Each structure stands twice: as structure tokens, then as C-alpha cells.
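K.L.:
Got a structure for you, questions after.
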Amino acid sequence: MFLALLLLFVAALFAIPACRRLGRGAVWVLPLPFVGVAVLLGTRLPDALHEEGIRQSVPWVRGLSLDFALRLDGLSWLFAMLVAVIGALVLVHASGYFRGDSRLLGRFAALTSLFATAMLGLVLADDLFVLFVFWELTSICSFLLIGLKHEHQDARDGALRALLVTGGGGIAMLIGFVLLSQAADTSSISVLLQRGDLIRSSSLYVPALLLILAGAFTKSAQVPFHYWLPGAMAAPAPVSAYLHSATLVNAGVYLLARLHPALGVRPEWHWILGHVGAVTMLVGAAMAFGQRDLKRMLADTTIAGLGTTVLLLGIGTATALRAALVFVAVHALYKAALFMVVGILDKRTGLRDVDRLRGLGRSLPLLFLTALVAAMSMAGLPPLVGAIAKELVYEAKLGAPEAPGVLAAVGFSANALMVACAVLVGLRPFIGRGEATRVEPAIAPVALLLPPALLATTGVLLGVVHEGLMAPLIEAAVRVMGAEPATAELLADTAPTAVSWLAKGTLFAGVVLFVFRSRALAWSGVLRRGARRGPARLHDGMMGAVAAVASRVADVSTRRPVAASVAIVGVAVVVITGRALVLGGLPPFPGDRVPAAHEFVLVALVLAGAASAVFSRTPAAAVIALGVIGVGTGLLFLLLGGPDLALTQVAVDALAVLLLLLVLRRTRPVLGVRKGWLQGGLALAVGAGFMLLTWAAIPDGHLRPVSQQLSELSWPVAYGRNVVNVILVDMRALDTLGEIVVLTAAAIGVVALLRGGRQEART
Amino acid sequence: MNIDTSQLFAIFGVESLLGLLGLVLIVTDLLVGKGRLTGPATAVRTLAFGGLVAIFAWSFVLEPGAEGALGTLDSFALFFKRFFLATAVATLGVAAPYEDRLSAGRAEFPTLLVFTTLGMCLLSSANDFVTLFVGLELVTVVLFLMAAYRPQLPRSIEAGIKFVVIGALSAAFMVYGIAFVYGTTGSFEFSQISAVINAQESLPAGLKFGLLMVLVGLGFKLGAVPFHIWIPDVYQGAPTPTTAFLSVGSKAVGVVLLMRLVYTVMGPAAAQWTTVLAGLAALTLLMGGLGAIPQTELKRFLGYSGISHAGFLLVALATHSEASAGAILFYVVTYLFANMAAFLVIVIVSRTDDDNHMDRINGLANRSPFLALVLTTSMLSLAGVPPFAGFFAKFMVLRAAVAEPALVWLVAFSLLMAVTSLYYYLCILKRIYMRDAVDTGFLEISGGARLLLLLCMLAVFAFGIYQQPLVQAAEAGASSLFR
């Protein structure tokens, strides 16, 4: 299995050079890795169907006890095979579709191979986190694939929306995985599946389930997240044929099927999956029926198909699980074929409008045949495999433990709509006369037509010999999902009469709907528009709201004058430290010593300096006022018994004032700080806050008289009387060395800046 | 005081060599081609590059273990010394294509870079508040100058001044705090302070105050809200190589010192800080997550993105465990590669006129698929999307945080913000792939730049798939903090 992953990954690396080198011959080479994977899977089939299948693992991150583990069993085999087979066909198709543009084809092939690697990894993963990694990788690849060719703004928004929805859902799923792995005490899927009871009894079950469902539902386009899929129809047709029929959108379904033994069976599972699936099925079918754009119609029927599958998984009986798997395979076959057909139509006529395409059957007979067969499978006409799927689905719904009648009715309506859509896609564009649609004269290349034809033929083949080809695989897969099928055959020889009547009725109702399409559309216009547009509107509205809030938030730190920033920082510091300190209550004011009169005078001097610094009109005056503060503080130090400290303080301050004055002489800045009540109040508040904090912090008796110890040491250790100097050049000489380095570096920088300024003056 | 020089060299070997390199660069500048602009610049740049690479290589010969009064060379310090050296080398790479936009001071730029790196390396070894402050001064003062490096541009001057004022303010808070710590414990040394802290039931108010003030000062370096306030303007105004260096180096300085402060100085007592750190983390995530959305300038955008990453680092810091410490080390390395690649792309796309509007990357996929690929990788890694390294970094942080029941709300919130930030990174991808180019000029990518971009991209990719070696190094570094 590692080999399969490696094969596709290497194919991704070499696709671009291969296309450049081989030109048109690339069609023979590009699908080879996919064929290789399919062959590999084929040879491993017997082992895979046996019991729990094949498991392989290598340690990934030892420190986190993560293993890169893979598992191939019936369930993953089915999905992996779809990835490989449809991938190979899509690449053949694409080399016809992108003919003449080997650059585009190269990029498409590279991205498709990379996507296939991710998708294959996803379905083979045997570890939640490995699965997640591949899961997100599929989202990114799909974004890049949609972006290959883009036309309108609309399309770009669609692509972004698609990635945002699926990516966001993925992150939710990741939390779900973390919770699940905590509940089960393992992230290995194989182990986890055996600990279903443990998981279901855990208190983490509900949050984990909801988060994982968010991931699965976003990826598999369930209501209300379905809106991204029609938006993704901006992608080129081969992309849709691959991603939006059989692979990407099936990831969510696969995840639900995979985790069914661990998460299933609790009532929450049935309830959510049942309701979401049923609503999605109906909404998708109704949306599809109202579409004029054929490609979007197919996207909408995909939504309906995914809803059907989720509903079946929600029912959860052995019959329902079996029906779900058969339906997934059948749906992949006909939907990929139809996407390709619509792509060819679009390419040949430039149209995708079902109301304008007419009478193409005569000029494109082979395409007509292909489309017709695929559409018959979609409608569920025997002897195609679609008919089997439909009967199985009806059987499962009728056999549901709860509300079988409602389910059958909902299914009937949705299926009738699907039949009508099948007629619209497979028959309508090819018959009738109407205004002749212009067809480009060139004959469709074989590469373009062969893949959908093959897919359609497979549908016929499986329909005839389904028991031999499909039954063992489906049975093994259902067993892996924790259910025991009652019979080995897919279809009982004598289907219950209700089922066969329902199937026949659906066909009839579908044809009736097709005939009275315009009338039916007129009736249901509002409803369909709501379903199609509503959630997308909501999405855009939400994003708009987020953007509005965001620009408010960004304003807080954008283009503020420096003073405002200082105020914000000051307030924050007071709040943070104040919370920790003042909550415990302030200590009493240290009252053992009454300050002397001259101390009051000095304090008043400092305050006066501060006030005049604030209110002075010129920068120079403000700087001098700052000097007054410095001198006042220095004098206070002197009086409190620190002559050396006072000396240093005054010296540094004088120097700073001089330097600032020199700078001011040359630059003449303007004082730009506003002096309003708010500013003054904030400044006072921060100042007062700091005073309180200092008061709260100092007097709790822990202060040690370091100064005394230092002055005692200063003579015996360094023979110096100026304690500040002794500290600088002796006790902490290395730190002074560091300071000198700072000065040196600063000097170099200043020189560079000055040179830059002078250069500017010269030019 | 007696100083054992050989022991000193054992601890500060990297710093000594960097200092020497700095001096050599000054002398080279003076000796080679007097007065001309390009001659000395080329010589100095080549020499600086060679020297830094050599010292980086030599740092792998060093064995952790030396410890002294002023610093320590544990594996944590060594990890970060290598990190800072790599950052400096990458910054030189970002600066190379930028250089011809400088009208003067081309030779001094690498010299200044070497001196800041010296400061950063010193900081990663600091086990003493004085060493810490001296190193911080060296880093900050030089960065002020590097931010205002193009005095002819008003924006650059504005950036410098804003940076100086707010930087000085926060440094002042910090010194004030250090004074209180010293006053209440009688020591500058981390180990002794830690002993005092953990000997008591509840911390005395003075010590609490002092430590919180130090935290504030470091929050400024890290870019934690509300001390992030300088980031958008300074990132935008500074020359792009400086911004690149600020975004990685300066942030990592905050990380190193906060980790020492929280894990070593506070030790078990750091549990008291969970609320403060978690609160800061939430605010920072919110600002980073939302603030980036309306940005239209690339460097400003990356500034906000950096704030958001600071938020994730704070989440890890609030989680007081060895696993989270290891996650932080892993995180910063992934951030280094992704960010440097992004900044180099910015330098290249704004080649002539230094205009960094987001329009510049429109349609990049068609103009240069290589640059588009690099930028995509980098953005996806920053967004935390697998299989890129950034995803794994976030994963490790959150996995460690989930284990702490008190932080579950924070984990949920940070994931919400991760989705938000996914949105803006995707908007960048949309510009790359789905917009038509505004500027269709030829993008010249020198061989060196190509190599650096390739290296960063491969690292982001490789560490996303095979994390083992980096996880191991990160764990070794982290565990030395807890001894």
C-alpha cells in the first residue's frame, strides 16, 4: 500500500516534465501509475477481503507515539479502487480535453496525481491523524484544481468558499478526532473500532460526534453546507468528473462508514444522519430539477446522492449499509461519465443550457449513446446497475426501524426528481429539432469519448453480473462496518413487491415531472431559490460581518499616534499588575517617618517640572522641563543618602537634555500630542496606578538593603569609594563590556543612518 | 570578582566569535574600497555570510553542559543559538536582493545584523537578569536602527520612532521590574530567584510586581496583545529584510526569555500565571486572527499573522508542561522557514519601487510558478494546514494544551481563530492563483535567492512529513529547562 501511495506521488512529481517532453503522447503515460495502483489493489483483493484486511504501519513521530498506519479492507478497497480507476480514465479524458495546451495538461495531471495520492491515503489511513493530514490535503488540491482555469469573479468566490467550508470543517473534525482519541485512548482506527462500547459510554461522545460530523458533512456537501459544491462547478469538466463524482465528495461518506462501528448505533447518530441525509437528498434533487446549467444540475444531483448515502448510513441496518456502498459505487460510475459528457458538450457547442441544447444526437451519435446509458443507470432502469442500487435503497428504507413510510415517501420524491434530471441530461440535448445548436466540425478525439463510454459500459456489465463481481466485496465491506448481512446475494431473487412497485412508480413519476417541467418549476421557484442561495448568502453575510468586526479590531492598532500607543501599553500594564497586587488589598501607608519640609519642596519641584513639560509650547521648553525633573530626582537621591547615585543621575540627565536640544536645533519638530481631558485623565490614571502599585509592592519587609552590602564591599574588593563606578568597572565588569558592545553597534548604525540621510540631501 | 576565561568561552563561544566577526566586518568596511558603495558592501556581505555559516556549523560541534555565573549552555540555549544563527543567515539572504534599494549603509547592514545576533545568542544563554538586560539592550537598540534604516522614507523614520518610544517604554517597565525582583530576592540569578519563589506559599507583592513587569517587557518582544501595538507600523515601515529579522528573531527572543522566565524562574509557581498567560493568549489570538483580514499591505499582513502566531505560542506557555515547551521549540523553527520564504518573495515581487501592496502577488502563478509554489507552501504552513510543518507545530501545541482541563476553552477558542486565519491565508492564495497580474514585469530571481527559497520550502515540507529529528531536538532542548 505504501507502494501505491508512492507511485501516485512520484507520478505527481513527474507529470509536468512528462507532458512537456511527450506532448500528445502523454496520454499513454499519464494514466499508467493509476493503472498500476488498480492492478496492485486487484492483486491484494483476496487478502483485503479476509477478516480485518491488511494492516501496515511504520512509526512516524516517536515522541508523540504517532504511527503512519494503513489498512486495506473491503471498505477501503472499494473507495481506493474508485480513486484509481476513475483517476486513470479522467487522465485519458483530460488529455483530450486539454489538447493543444500541454502546459495546462501537465499542471492538471500533476495536481490530479497529487490529489489522488491524498485521496488514496485518506481511504487507506489507519490512524485518525494520518487520515486528517490526507483529508486537508485533498481540500488544498481541489482548490488548486478549481483554480486551474478561471473565468469570472463568481468562480473565484466559489473556489474560495469551497476551501473555506471544507477547510473549516476539517479543523472542527480535528478537534473531534482529538476528543475521540482521548475517549478511546488510541488514535489507531483499527483499535478504536473495537472499542466502540468504551467510546459510546464516554462523556466525550456527543462533542466528538458533532465535531466529526461537521467535518464529514462539510466535505460531503450536506445541508446546510451544500452550497459550496455548485460554486465549485467553475472547475474544468475533468476536475468535476473526478472530484465531484467519486472522490473528494465521497470522503465524508467514507469517514462516516469507516467510523460506523465506533460512533454508530447511539440514537444521536441515527437521528442526525437520518434527518440531515433525508433533507439533503430532497433539497439536492429539487435544486437539480430547477437547474438550466447542465453541469450545475449534475452537481446538485451529486448533493442528492450524497444525502441518500448519509441517510442510509444513518439507518444503519445491514441492508442499509449494503445499499449505501452499492449506491456509492454506482453513483461514481454514472456521475463521472455524465460530467465528462457535459464537458464534451460544453467544449463542442460552448453551451451548457438544457433549454438551448437540441438535436445533437445526429452529429454526436456515440456521445448520445454514452449519455443515454449513463443516464439510464442514474434513473435506475434495468438492466443497468443503477436499477439494483435503487431497489436496494428502497428495500433499506422500507426496512428501517423507524418511520419507514416517511423515508420511502421522501425517497420516492427525490428519486422521481432524479429520474427527470436523468432524462434532461441524457436525452433532452440530443433529440428534437429546435434551433440547431452549432457543433464545431472537428471529430471528438477518442481520448475524450472513450472514458465515459467505458464507464457507461461498466454500468451495463455490473448490472448483468453483479452477484459475482460485487457481492463478495460489498459483503466484506459491510462486515468491516460492524454489521452481519443476512444473505450473501445482493438482491433476493424475489424482491418484495412494495420495492418493485416503488421502483416502477419512480420511473413513471420522473417522466411525468419531465413532461410538465415548466409548470412544476413555476410552482416551486421560491423554494428552490431559497435552498440554492440561502446558505451561500448566509455564508457571505457572515464573512462580511467578520470582516467588519475585523477592521474595527485592526483599527485599535492601526495608524495610531505614538502617544495613543503609549497610553494603551500603560493602561494594560497597570491593569495586569494591578489585578495581581491590589486585589489582596493595599498595605497601610508607611507612616514611621514623616517627610521633612525640604523633601516636600523637591517633590514639588519634580511635579512642577512634569507639569511644565506637559504644558510647554515648544519642544525645547519641554526638554528643559524634563531636565528639571531629573535634577529634582537627583537631589532627592542625594538627600536620601546616595551621593554617587545622585551624581550619576544628574550627569546622565544633563547629557540627555543637551543631546535632545542639539537634535531639536536641527530638526524643528512640531509637538503633535493632543492635550484633551481624555489624554490628561489617562496620563494621570496611569501615573496614579503606578504609584499605587509601587506602594503596594514595596513595604512588605522583603526588601533587603542591597545598597548597604554593596557599599561595604566596594572598598575591600575594588578599592573604590564611588559605589556606582565600582559596580560598573569591577563587580559587573562583563556586563559593562556588553554595554560597550551595545554602544559600538549603535554607533555603527547611526553612522549608516547619517550617511543615508546625507545621500538623500545630495540627490 | 574572579573570572575563569576558559569557562567563559565554553559558555559564550558563539558570542565571542560573533563579536570577533563584527569587528572584522568593521575593519573590512574601512579597508576595502574607500568611499565606494558596492565594493565594501560585497566584501562585508560575503564575509558576514561566510562567518555566520561557519559559526552555525561550529555550533553543532558544541556540547551542551557548561554553566557559569552569567550564563549557561544547556541544550535549550544551544538550540536557540543555532536558531538565531540560521535566522541571521536567512536574513542576509533576504537582504541580498534588497540591497540595491539602499542608497547608503549597505556595508553596515550585515555588521549590525551580526551584532544583534550576538545579542540574541547571549540572551538564549542568559541565566541572570543582568545578562538578560544587556543582551536585550543590544538586540533592541540595534533593531531600532535597522528599522529606521532608510531615513529618506518618512515611513521608515516613523517606524523607527514608534519602535523606539514603545520599545523604550517596555524596557523601562522591565528594568523597574528587575529592580523589584532584585530587591525582594537579593539576587539576579535565575536559580536563586526560583529557589526564593518556590520556598514560599504565596509570593510577596514586590516580587509579584517585579516578575509581572518583566513579563510585560517580554510581551513587547513577542508581540503579545496589547504590547503588539508597534508591530503593524514598524513591520510596514522598516526595510523588508529588517522586518523579516524582526518577525522571526525578535519574536524568538521573546519566546526564549519567556520560557526561561516561566519554566525556570517561576518553575512550579508558574501555575499562578495560567490565567494571565491564557488571557494574553486569547487577546493575542483574537487580534491576530481578525486584524489581518482587512490588511492590504503584505508586510502589515504578515505582522498580524505573526501576532496570531504569538497567540499560539502563548497558549503553549500557559500550558505548563514539558510537552508544550517542546512544542514551542518546534513551532518557532517551522515559523522561521515559512516566514523567511514569504519575506523573500515579497522582496522579489516588489523589486523596483518597494511597493508592498497585495496587488503585487496577483496572478503570481502565471508570472512565476516557482514563487507561487513557495508562497503557497509558506502560507499553508503558516495557516497550519497539513502536511506542512506549521500544522504539526499547532498540533503539538494544542495536543499539549488539551491535557490541561483549565485550558480547554482556550484550545477551542484558538481553533476558532485558526479557522479565521485560514480565511485570510486563503485570500492570499486566491490572489496568487485566481487574479490577473497587476504588474507583468519580469521577475528576476537570483541563484542565491532561488536556493534559499527552495531550502525554506523543502524544510517546511520535510518537517511536515518527517518530524522525528526536529521533535527530538526540541524535546532535548525543552527538557533541559526543567532540570
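The values are calculated or read from the model by the stated rules, or taken from the named source; none is laboratory data. Values in this document were obtained by computation on a predicted structure and should not be read as measured data. Please note: Cβ atoms are built from the backbone with ideal geometry, for glycine as well, and neighbour counts cover all protein chains shown. For the accessible areas, the whole protein counts, side chains as well, though only heavy atoms, and no ligand, DNA or RNA atoms are used. Shrake-Rupley method; radii C 1.70, N 1.55, O 1.52, S 1.80 Å.
K.L.:
Going toward the positive end of the dipole of chain A, with +1 on Lys and Arg Cβ and -1 on Asp and Glu Cβ, which of A:421, A:276, A:249 do you reach last?
P.N.:
Selected residue: A:421.
K.L.:
Step by step: find N for the range A:618-666, compute 2.2 N^0.38 Å, then divide the Cα radius of gyration by it. What's the final number?
P.N.:
So the Cα radius of gyration is 1.23 times the expected 2.2 N^0.38 Å.
K.L.:
Another one. Given H placed 1.01 Å from N in the peptide plane, which residues other than close sequence neighbours of residue B:71 have an amide H under 5 Å from its amide H?
P.N.:
Here B:127 satisfy the definition.
K.L.:
Another question, then. Calculate, in nm to one decimal, what residue A:512 and residue A:190 gain on full extension: separation in residues at 0.36 nm each, minus their alpha carbon distance.
P.N.:
111.1 nm
K.L.:
May I pose another question? What is the local net charge at residue A:305, summed over the other residues whose Cβ is closer than 13 Å to its Cβ (Lys, Arg +1; Asp, Glu -1)?
P.N.:
With Lys, Arg at +1 and Asp, Glu at -1, the net is +1.
K.L.:
In addition: Any idea what % of Cα-Cα pairs in the range B:264-367 are farther than 25 Å?
P.N.:
The calculated P(r) of the range B:264-367 puts 35 percent of pairs beyond 25 Å.
K.L.:
On a 0 to 90° scale, report how tilted helix A:74-97 is relative to the longest principal axis of chain A, with both axes built from alpha carbons and the result rounded to the nearest 10.
P.N.:
Between the helix axis and the principal axis of chain A, the angle is about 90 degrees.
K.L.:
Then there is this: With each run of n ≥ 4 DSSP H residues scored as -39500 (n - 2.57), what mean residue ellipticity at 222 nm is computed for chain B after dividing by its residue count and rounding to the nearest 500 deg cm²/dmol?
P.N.:
-24500 deg cm²/dmol
K.L.:
Just the projected area, averaged over all directions, of the convex hull on the alpha carbon atoms of the range A:266-515: how many nm²?
P.N.:
Taking the Cα atoms of the range A:266-515, their convex hull projects to 12.8 nm² on average.
K.L.:
Ordering A:205, B:182 by accessible area with a probe of 1.4 Å, largest first, what comes out?
P.N.:
B:182, A:205
K.L.:
Same structure, new question: Pull up all non-local amide H partners of residue A:66: gap of 5 or more, or a different chain, and H-to-H distance under 5 Å with H placed in the peptide plane.
P.N.:
Residues meeting the criterion, in which the H sits 1.01 Å from N, are A:60, A:61.
K.L.:
I'm checking a number: the convex hull volume of the Cα atoms of the protein assembly as shown, normalised per residue, in Å³. What is it?
P.N.:
For the protein assembly as shown, the hull spanned by Cα atoms encloses 188 Å³ per residue.
K.L.:
Can I ask one more? When the Karplus curve 6.51 cos²θ - 1.76 cosθ + 1.60 is applied with θ = phi - 60°, which whole-Hz ³J(HN,Hα) does each residue of the range B:148-164 get, with x for Gly and Pro?
P.N.:
Values, residue by residue: 9, 6, 10, x, 6, 9, x, 5, 5, 5, 4, 4, x, 5, 4, 4, 4 Hz.
K.L.:
Quick one: ranking A:135, A:28, A:715 by accessible area, 1.4 Å probe, largest first, what do you get?
P.N.:
A:28, A:715, A:135
K.L.:
In whole percent, what relative contact order does the range A:266-515 give with Cα contacts below 8 Å and a gap of six or more residues?
P.N.:
26
K.L.:
Nearest 20 debye, what's the magnitude of the dipole of the protein assembly as shown about its Cα centre given +1 on Lys and Arg Cβ and -1 on Asp and Glu Cβ?
P.N.:
It works out to roughly 4060 debye.
K.L.:
Taking the dipole about the Cα centre of the range B:105-250, with the C-beta of Lys and Arg at +1 and of Asp and Glu at -1, give me whichever of B:226, B:243, B:118 is farthest to the positive side.
P.N.:
The one lying farthest along the dipole's positive direction is B:243.
K.L.:
State, to one decimal in nm, how far the label point of residue B:458 lies from the label point of residue A:47, with both points 7 Å from Cα in the Cβ direction.
P.N.:
Simple spin-label model gives 3.4 nm for this pair.
K.L.:
Rounded to the nearest 10 Å², what accessible area does residue A:270 show when all protein chains are kept and the probe is 1.4 Å?
P.N.:
Ignoring ligands and nucleic acids, residue A:270 comes out at about 60 Å².
K.L.:
Which far-off residues, 5 or more places away or on another chain, put their amide H under 5 Å from the one on residue A:127, with H placed in the peptide plane?
P.N.:
A:69, A:189
K.L.:
Still on this structure, I have one more. Quick one: what are the phi-derived ³J(HN,Hα) couplings along the range A:599-616, Karplus 6.51/-1.76/1.60 with θ = phi - 60°, whole Hz, x for glycine and proline?
P.N.:
The phi angles translate into 5, 4, 4, 5, 4, 4, 4, 4, 4, 4, x, 4, 4, 6, 5, 6, 9, 5 Hz.
K.L.:
Assigning unit charges at the beta carbon (Lys, Arg +1; Asp, Glu -1) and nothing else, what dipole magnitude in debye, to the nearest 20, does chain B show about its Cα centre?
P.N.:
The dipole of chain B has a size of about 840 debye.
K.L.:
Something else about it: Consider all pairwise Cα distances in the range A:1-264 and report the whole-number % of them above 22 Å.
P.N.:
I get 55 percent for the Cα pairs in the range A:1-264 exceeding 22 Å.
K.L.:
Please give the helix A:619-639 orientation as an angle from the longest Cα principal axis of chain A, in degrees from 0 to 90, rounded to the nearest 10.
P.N.:
That helix lies at roughly 60 degrees to the long axis.
K.L.:
Ignoring everything but the protein chains, give the 1.4 Å probe accessible area of residue A:47 in square angstrom, nearest 10.
P.N.:
Estimated to the nearest 10 Å², residue A:47 gives 80 Å².
K.L.:
Quote the Stokes-Einstein diffusion coefficient, in whole µm² s⁻¹, for the range B:322-417, based on the Kirkwood radius over alpha carbon pairs, a temperature of 20 °C and a viscosity of 1.002 mPa s.
P.N.:
144
K.L.:
Please compute the alpha carbon radius of gyration of the range B:1-125, then divide it by the globular-protein estimate 2.2 N^0.38 Å. Two decimals is fine.
P.N.:
Dividing the Cα radius of gyration by 2.2 N^0.38 Å gives 1.13.
K.L.:
Return the residues of the range B:276-304 for which accessible area with all protein chains present is lower than in the chain on its own by 20 Å² or more; set the probe to 1.4 Å and exclude ligands, DNA and RNA.
P.N.:
B:276, B:287, B:290, B:293, B:294, B:300, B:304
K.L.:
Treating only the Cβ of Lys, Arg, Asp and Glu as charged (+1, +1, -1, -1), what charge dipole size does the range A:266-515 show about its Cα centre? Round to the nearest 20 debye.
P.N.:
Dipole size: approximately 900 debye.
K.L.:
Given a Förster radius of 22 Å and the C-beta distance between residue B:322 and residue B:409 as r, what FRET efficiency does 1/(1 + (r/R0)^6) yield to the nearest 0.05?
P.N.:
Efficiency for this residue pair is about 0.45.
K.L.:
Further, regarding this structure: May I ask which residue of A:608, A:224, B:274 lies farthest towards the positive end of the charge dipole of the protein assembly as shown, with charges of +1 (Lys, Arg) and -1 (Asp, Glu) on Cβ and the Cα centre as origin?
P.N.:
Farthest towards the positive end: A:224.
K.L.:
With angles folded into 0 to 90 degrees, how steeply does helix A:153-184 sit against the dominant principal axis of chain A? Use alpha carbons for both and round to 10.
P.N.:
The two axes meet at around 80 degrees.
K.L.:
Starting from the Cα of residue B:60, step 7 Å along the direction of its Cβ; do the same at residue A:3; then give the gap between the two resulting points in nm.
P.N.:
3.5
K.L.:
While we're on this one: Can you put B:234, A:465 in order of accessible area, largest first, using a 1.4 Å probe?
P.N.:
The residues order as A:465, B:234, largest area first.
K.L.:
How would chain B be classified by its alpha-carbon gyration tensor: rounded, prolate or oblate, with rounded meaning a/c under 1.5 and the a/b versus b/c comparison settling the rest?
P.N.:
It is oblate, given that a/c is not under 1.5 and a/b is not larger than b/c.
K.L.:
While we're looking at this one, here's another question. Would you compute, from DSSP H runs of 4+ residues alone, the mean residue ellipticity of chain A at 222 nm, taking -39500 (n - 2.57) per run and dividing by the full residue count, rounded to the nearest 500?
P.N.:
Calculated at 222 nm, the ellipticity per residue is -25500 deg cm²/dmol.
K.L.:
Let me ask another. What longest range of chain B stays clear of loop-exposed GluC sites (Glu not before Pro) (DSSP non-H/G/I/E/B, at most 15 other C-beta within 10 angstrom)?
P.N.:
No qualifying site falls inside B:202-443, the longest such stretch.
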